[in-house]
């Protein structure tokens, strides 16, 4: 089946628009939580806390963060399509064009609309961004590596992997299980490295203000 620009643009517009609308409800709650973490931090002085919070509040009404959300949506699809192209053409031995993979990725990203549609009302009603649809529900919330790793094993992320597996299986006329497991391994590896990277970044920020 031939891919045209509408196969890419329409899903992207839907995801970006929904993200933009629902983010307006999430950002104030996220900022409140961030302020609370700063205020209870033992590594920062009172002056440092005030400075950081003032900086956050000055950016609160800036349209930049909403523009960034839209740009991030597009960048995410471009990067993910590149990764999936590597999986299909190098690991699975296929010959898929980037444009076609971009179309597949754009449609798979529509899962984010469902995710946001379910999580946003819960975030607003409970007043916290700590809403989990992952294996993190089995553990007590903490900063421990295992909790963060389990938080990445999200039902919507698994849904995306299944859809990619099915799509690549159809393209290559193979069982969806093969691309599914390859994608899963890459996804878990990325999840582990992103947690480590985030932990290092947080440590550096704490050392900077210590």
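Every number here is computed from the coordinates shown, using simple stated rules; none is lab data. Since the structure is predicted, the reported quantities are computational estimates derived from the model, not experimental observations. Reconstructed Cβ throughout: ideal geometry from the backbone, glycine too, with neighbour counts over all protein chains shown.
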Taking 0.36 nm per intervening residue step and subtracting the Cα-Cα distance, what contour gain separates residue 6 from residue 141 on full extension?
44.4 nm
With an 8 Å cut-off on Cα pairs and a minimum separation of 6 or more residues, tell me the relative contact order of the range 5-209 in percent.
24
Taking Cα atoms, the helix 155-172 axis meets the longest principal axis of the chain at an angle in degrees (rounded to 10) of 20
Between the Cα axis of helix 111-126 and the main Cα principal axis of the chain, the angle (0 to 90°, nearest 10) is 20
Suppose R0 equals 25 Å. What FRET efficiency, 1/(1 + (r/R0)^6) with r the Cβ-Cβ distance, do residue 193 and residue 98 give to the nearest 0.05?
0.55
Kindly provide log₁₀ I(q)/I(0) values, in the same order as q = 0.07, 0.12, 0.13 Å⁻¹, from the Debye equation applied to equal alpha-carbon scatterers of the chain.
-0.27, -0.77, -0.89
Can you give the relative contact order of the range 102-158 as a percent, counting alpha carbon pairs under 8 Å and 6+ residues apart?
31
Picking from 17, 184, 68, which is most flexible by a Gaussian network model of the chain using Cα springs under 10 Å?
68
Under a crude label model (7 Å from the Cα following the beta-carbon direction), how far is residue 39 from residue 113 in nanometres?
3.8
Column: log10 I(q)/I(0), Debye, Cα scatterers of the range 66-142, q = 0.21, 0.24 Å⁻¹:
-0.98, -1.07
